[in-house]
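The values are calculated or read from the model by the stated rules, or taken from the named source; none is laboratory data. For clarity, every value in this text was computed on a predicted model and none was experimentally measured. Cβ placement follows ideal geometry from the backbone for every residue including glycine, while neighbour counts extend to all protein chains displayed.
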Amino acid sequence: MNTEHQGVHDYLDDPRNADVLISVNGALRRRDEAVVSVFDSGYLLGDGVWEGLRVKDGGVAFLPEHLKRLYAGAKTIDMDVGLTPDELKQRLFDCLKANNMRDGVHIRLMVTRGIKKTPYQAPRFTVTSATIVIIPEYKSPVPQVIARGQKLFTVHVRRTGPAEQDQKLNSHSKLNCILACIQADKAGADEALMLDPAGFVATCNSTHFFIVRDGEVWTSPPEYCLGGITRGNILRVCAEAGIPAREKRFSLFDVYSADECFITGTFAGVSPVVSVDGRAIAHLNGQVTQRIRDLYAGLIQRNLTPIA
C-alpha cells in the first residue's frame, strides 16, 4: 500500500461498507439510495450540526459527551432536533443493530434544519422538521500512516473568535477548515496547523494539537478551537495520571523546539507528529505520547455505552 499521500483520516478499505444501511430520518437505505433533497438546509447552506462517533467492543465511546455537544450546538443555532437525546440514541442503536455493527465502526451523525421551500438563508423558509442522517462505516486508521508520524504545515487561514463564528460550534459550515486543509495539502502536509488572530497556535483543521516540553503537555486554550471530546479526555487522563498538562497560549517557537508533538481526534485517537513546517520534531512517538495513548485507550474501555 502506498501511504505517501495519506493522512490521519485515511482508512483501510473494507468491502462490508458496500452493503451498509444508512439511516435517513429513521428509514434505512442502501448507500446509493441514501439521499436528501437539494432543498435541504445542510446542502444549501451548511445549516446544521454533526458528530463523529466510534463503536468499539459493542459500545459507543463517550456517547453522552457527544450528544451533549450536539444538542448544545443545535440550541446555539436555534434548531429543533425533533428528537430527545434518548430518542436519538435509540435511533442510532437501531441503525447499528440493523447492520449488526459492534466494533471497528466510525459514525457520522448529522442533523440539519430541514427542507426549505426556496433556497433562502432565513430559517422561516424551512418547511419540514430537522433532517437526521446516520452513516455508520467500518473504518480503521492505516497503521503505517499513524506510525510514520503526521506532517503539519502552518497555514495563513486563521481560527476566528466568537464574534465571527464561535469555534465551539461543530457546524456543517467548515469552509475555513477546508481552505486550511487545501493549503496544507498543496504544501505536501497531512494536516494544517492553524493560528489564532494574534498568531498563537490554535488547533489543526480537523484534529487538536498538543506539544510536550520538559515533561509537560501543552495545548491551546479553548477560545479558538472546537470543544473536542478527545481533547478533553486527553487532559482528563493526564490529570488522573499526574502528567502535568496545561491549556496555554504558545507560539511556533515552542512548537519547533518541542520534545514531542501529537494530534488527537475521535477517529484515530492519539497520532504522533513527525514534523511541523519542515522542522523535525525531536522525538517521534516519544514516551509521553505513548503513555497518553495507552491511558486514553483505557479510558475508552471505561466509557462505552452498550448498544441496546
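Things to note:
- Subset of the range 153-174 (residues that are closer than 24 Å to Q6 by Cα and not in a loop (DSSP other than H, G, I, E, B)): F153, T154
- For the residues R293, R302, the requirement of being under 30 Å from A98 (Cβ atoms), of a type in the set (D, E, K, R) and modelled with pLDDT of 95 or more singles out R302.
- All positions within the range 153-170 that are more than 19 Å from T264 (Cα to Cα), in contact with an Asp or Glu (Cβ under 9 Å, 6 or more places away or on another chain) and at pLDDT 95 or above: R158
- Residue ID - modelled with the highest pLDDT, chosen from residues in the range 7-33 that are more than 21 Å from M110 (Cα to Cα) and in contact with an Asp or Glu (Cβ under 8 Å, 6 or more places away or on another chain): D14
- Hits in the range 91-101 - residues which are assigned to a helix (DSSP H, G or I) and either outside the structural domain of V111 (by TED's automatic domain parsing) or touching a Leu at 6+ places or on another chain (Cβ under 9 Å) (or both): R91, L92, D94, C95, A98
- Entry remark, the range 51-101: residues being closer than 18 Å to I229 by Cα and of a type in the set (A, V, I, L, M) number 9 in total.
- The residues in the range 68-87 that are farther than 16 Å from H172 by Cβ and touching a strand residue (DSSP E or B) at 6+ places or on another chain (Cβ under 8 Å) can be counted, and the count is 2.
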